[in-house]
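These notes are about the structure you will find just below.
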Amino acid sequence: MDLKIKICGMREPGNIREVSGLKPDYMGFIFYPGSKRYGGRLSPSDLKDFPDVIQKVAVFVNASREEIISTCKAYSIRILQLHGNEPPAFCRSFREEGFQVIKAFRVGQGLDMEEMEGFAEVCDFILFDTSGEGFGGTGIKFNWNQLQNYTLELPFFLSGGVAPGDAGRIMELDIPQLYALDLNSRFEIKPGLKNVEELGNFIRKIKS
């Protein structure tokens, strides 16, 4: 199991540099003003010397097409995570322009496979997060046993309350479509500031 690692909710320039040293596969920046981890105050120059081995992901919630395009251009980002109620046609339009698209689904009592099937041909990845009042960052897990019911071939990111002590349990998940882990609030000192030591220890366990 060669799981990729995405560290999301980054917004502090010094912390971004420290976390970059861990060489995660992806780093996520949230451009949703309602988030406690809003990254829109970062200067594009803060990401100017970003390591080539880390792929930047821009996270949006029900943003306009114009906002997404202008933000991604300013920060030189080509991967989108759409975390709101964006329809399949909206995802398709960005994919046709050369973006990679990650579509987030919030999981409550079960997986809505019928809804997801509409995105199978227009996205590169699915992301599963815990259903809650807001859009992500709850720090709460959903029932991971539900992932056994996932039937699409589309690879997915596992998000929602992944914590430092979860490495062993994650390695026991026997799901071929599990592609990456999305690490956020459970690895924080405070919203937007990651604990580099905890992240490093977790990544080493997963990668070993």
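The values are calculated or read from the model by the stated rules, or taken from the named source; none is laboratory data. For clarity, every value in this text was computed on a predicted model and none was experimentally measured. All Cβ positions, glycine included, derive from the backbone under ideal geometry; neighbour counts span all protein chains shown. Areas reflect the complete protein model, heavy atoms only, side chains present, ligands, DNA and RNA absent. Shrake-Rupley method; radii C 1.70, N 1.55, O 1.52, S 1.80 Å.
Pairing each residue of region 197-208 that is more than 16 Å from residue 4 (Cβ to Cβ) with any residue that is part of a helix (DSSP H, G or I), provided the two are 6+ apart or on different chains, yields C-beta distances under 6 Å for 198/164; 198/187. Report yes if some residue within region 156-169 is at pLDDT below 95 and among the hydrophobic types (A, V, I, L, M, F, W, C); otherwise report no. No; the residues of region 156-169 include none that is at pLDDT below 95 and among the hydrophobic types (A, V, I, L, M, F, W, C).
You will find that of 90, 60, 99, the residue that is crowded, with 17+ Cβ neighbours inside 10 Å, more than 17 Å from the chain's Cα centre (by Cα) and at pLDDT 95 or above is 90 and no other.
Scanning region 100-118 for residues that are in contact with a Leu (Cβ under 8 Å, 6 or more places away or on another chain) and in a loop (DSSP other than H, G, I, E, B) turns up just one, 111. If the condition is being among the hydrophobic types (A, V, I, L, M, F, W, C) and either surrounded by fewer than 16 Cβ atoms within 10 Å (Cβ to Cβ) or more than 27 Å from residue 49 (Cα to Cα) (or both), then region 64-87 contributes 69, 74. Look at region 65-80: where a residue is closer than 16 Å to residue 46 by Cβ and a partner is open to solvent by less than 70 Å² (accessible area, probe 1.4 Å) and of a type in the set (Gly, Ala, Ser), sitting 6+ places away or on another chain with Cβ atoms under 7 Å, you get 71/58; 72/58; 75/58; 77/58. A count restricted to region 102-112 and to residues that are open to solvent by less than 30 Å² (accessible area, probe 1.4 Å) and under 14 Å from residue 154 (Cβ atoms) stands at 4. Taken together, the residues in region 3-20 that are in contact (Cβ under 8 Å) with a residue 40 or more places away in the chain and over 17 Å from the mean Cα position of the chain (by Cα) amount to 3. Of all residues in region 142-159, those being buried (at least 17 other Cβ atoms within 10 Å of the Cβ) and without any contact (Cβ under 8 Å) to a residue 24 or more places away in the chain number 0.
Condition check ((1) in a loop (DSSP other than H, G, I, E, B); (2) open to solvent by less than 10 Å² (accessible area, probe 1.4 Å); (3) within 15 Å of residue 75 (Cβ to Cβ)) across all residues:
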position: 2; (1), (2), (3): yes, no, no
position: 6; (1), (2), (3): no, yes, no
position: 19; (1), (2), (3): no, yes, no
position: 24; (1), (2), (3): yes, yes, no
position: 29; (1), (2), (3): no, yes, yes
position: 34; (1), (2), (3): yes, no, no
position: 41; (1), (2), (3): yes, no, yes
position: 50; (1), (2), (3): yes, no, yes
position: 56; (1), (2), (3): no, no, yes
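Quick check on residue 65: is it closer than 14 Å to residue 9 by Cα and more than 18 Å from the chain's Cα centre (by Cα)? Against the criterion (closer than 14 Å to residue 9 by Cα and more than 18 Å from the chain's Cα centre (by Cα)), residue 65 does not qualify.
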